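These notes are about the structure you will find just below.
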Amino acid sequence: MRRALLIAVAALGLIGPPVVAQEPPPAPDRPLPDGAQEARAQALFDGIRCVVCQHEAIADSPAVIAADMRQLVREQVAAGRSDAEIEQDLVRRYGDFVLFQPPVRSGTWLLWFGPVALLTGILALLLFRSRRPRTEIEPLTAVEEARLADIISEAHLRRDPDAKPSDD
């Protein structure tokens with residue numbers, strides 16, 4: 001009995017820490033009192049990527065950091081900063097990745113123009129290959145045609161072992 005109790009306590013000790021170590025739920029969002037400012041903040045939320053979820057905007061993300069980013073954007077909107085200044089501040093903190101549409105600069109050229117360049121290269125290759133002169137296949141000579149007719153007409157040709165009478 002004592003041993004079973006000791007095993008149960010040890011099992012609870014192994015299960016307990018992961019439950020305690022979970023991330024607490026984010027604090028509920030507090031919208032801005034001014035409706036125009038809140039609408040502007042909501043519009044910004046859709047263009048900012050959650051750095052944890054990576055495929056969701058901070059408007060849709062349940063992560064704590066997304067809630068913190070929403071609060072930060074709301075504070076900056078309330079402080080009167082422009083959309084560009086808010087985005088620059090987020091890029092300074094988290095990098096270009098935080099924006100769903102990163103800026104066009106030398107570090108992002110491949111991201112912006114890579115697909116177009118790849119498609120252009122493939123189309124150029126296809127065009128080049130289609131305009132290349134094709135080699136003409138010469139017709140068989142009379143001697144070659146006679147030899148082919150002899151091969152086809154020979155009776156000792158091995159039949160296809162998988163062939164059925166209906167295939168003839």
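For residue 122 and residue 68 in one chain, what is 0.36 nm times their gap in residues minus the Cα-Cα distance, to one decimal in nm? It would help to have the intermediate numbers written out before the result.
Values: separation 54, 0.36 × 54 = 19.44 nm, distance 4.46 nm.
Going from the current span to full extension adds 15.0 nm.
For residue 81, what residues show an amide H to amide H distance below 5 Å, using hydrogens built from the backbone and excluding near sequence neighbours?
none
Using alpha-carbon positions, what is the distance between the centroids of segment 36-51 and segment 64-122, in Å?
Cα centroid of segment 36-51 versus Cα centroid of segment 64-122: 12 Å apart.
Quick one: what are the phi-derived ³J(HN,Hα) couplings along segment 122-129, Karplus 6.51/-1.76/1.60 with θ = phi - 60°, whole Hz, x for glycine and proline?
For segment 122-129, the Karplus curve yields 5, 5, 5, 5, 5, 5, 4, 5 Hz.
Would you pull out the residues with amide H under 5 Å of residue 99's amide H, same chain only if 5 or more places away, H placed 1.01 Å from N?
Distant-sequence amide H within range of residue 99: 49.
What do you get for trypsin sites (Lys or Arg not before Pro) in segment 70-168 restricted to DSSP loop and a cutoff of at most 13 other Cβ within 10 Å of the site's Cβ? List each step's numbers first, then the result.
On the way: sites: 70, 74, 81, 92, 93, 105, 129, 131, 134, 147, 158, 159; in loops: 81, 105, 134, 158, 159.
Sparse-neighbourhood loop trypsin sites (Lys or Arg not before Pro): 105, 134, 158, 159.
Computed from the coordinates by the stated procedures, all read-outs in this text should not be read as laboratory data. Predicted model, so just to flag it, every value in this text is computed and none were measured. Reconstructed Cβ throughout: ideal geometry from the backbone, glycine too, with neighbour counts over all protein chains shown.
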